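Q: Below are the structure tokens for one structure; questions will follow.
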Amino acid sequence: MSSDLAAAKRQLRRAMAERRQAVTATAARAENLTLGYLVSWGHLTVAEAEVSYSQSESRYHLIGDGRTRGILDFFVSWTGRAETEGLLREDGRRPLVHRHQGTWNENARRTRVDWDSAAAPRTEAEPPPDPEQVTPVPAASTRGTSDPFTVVLSVLDRLAASGRCEAEARIWDGRRRYDISVTHLGEETLTADRPWAYRGVATRCALDFERIGGFDERFSPWGFEDDDFSLRVHLAGYRARLAHARPLHRGGEDGGAVALPAAPLRDRGRVAARQVCLRATRGLSDSRGR
């Protein structure tokens, strides 16, 4: 009798363990999550975003909404919604459709990309990219691509499974084609610099970004090509040295040449900081996908 009771207890414990595993697996496959974000500049909130994620046993769906706020919205008004739907497969995530719509200073844009086979995805973009303003996207380069949301989710899958953020991906969002490489850099403990900021252990990931096509590479407003080149040299790992020389400007309305005095040493850092700041501000135009 005691042996039968012990066997029954073992079967009950095994059944309960299997039930817990099944519940855990189902919860991992079926998730609903909503996250809110605030973007601050100093103590000013300049933008907000909300991300909603849902997942069943075979599909996933992610929606991201964002808009400018406060003083930034006064100067540069932006709203946007991006949405991705895809399949969960044994070999990872596969996108089915990526949609994006938004307005930038009342200029509306809409994009849709559909993946349904090994062929290049079908793309709709209104208004279409202006070939006079953006670099061309090679037709064959969109094969084997994913949308940005699917790539981020795939990186998070790897991070959850292995504790490391490592990935290489080919991305096409309907306007821009680029490749990324994600490298694991370890962990870092963050401290909160404001009440609502995250604090605690965070994973550090390095991101290498290669433009393929669809980017606006014009210098607008004019100038600052030297600052852009200097920044690219620095990011590539080279050292830049200051040359004490007098710049000579050629051309102009009178076709002549004008020699400009070198800026005093005490002002050079201020001028450089201003130029880098302007380059960073102008960099926002690239994210509009013109």
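Just so you know, all these numbers are worked out from the coordinates, no wet-lab data involved. Since the structure is predicted, the reported quantities are computational estimates derived from the model, not experimental observations. Cβ coordinates were reconstructed from backbone atoms using ideal geometry, including for glycine residues, and neighbour counts include every protein chain displayed.
Q: Using a simple spin-label model with points 7 Å from Cα along the Cα→Cβ vector, what separation in nm is obtained for L35 and D73?
A: Roughly 2.3 nm, to one decimal.
Q: Going by the alpha-carbon gyration tensor, a ≥ b ≥ c the square roots of its eigenvalues, is the range 30-213 rounded (a/c under 1.5) or, if a/c is not under 1.5, prolate (a/b greater than b/c) versus oblate?
A: Oblate, since a/c reaches 1.5 and b/c is not below a/b.
Q: Moving on. Modelled label-to-label distance, A197 and Q133, 7 Å Cα→beta-carbon offset: nm?
A: 3.5
Q: For D91, D193, D157, what's the fewest-to-most ordering of other Cβ within 10 Å of each Cβ?
A: D91, D193, D157
Q: Something else now. Return the FRET efficiency for the residue pair R94, A140: r is the Cβ-Cβ distance, R0 is 30 Å, and the value is rounded to the nearest 0.05.
A: 0.95
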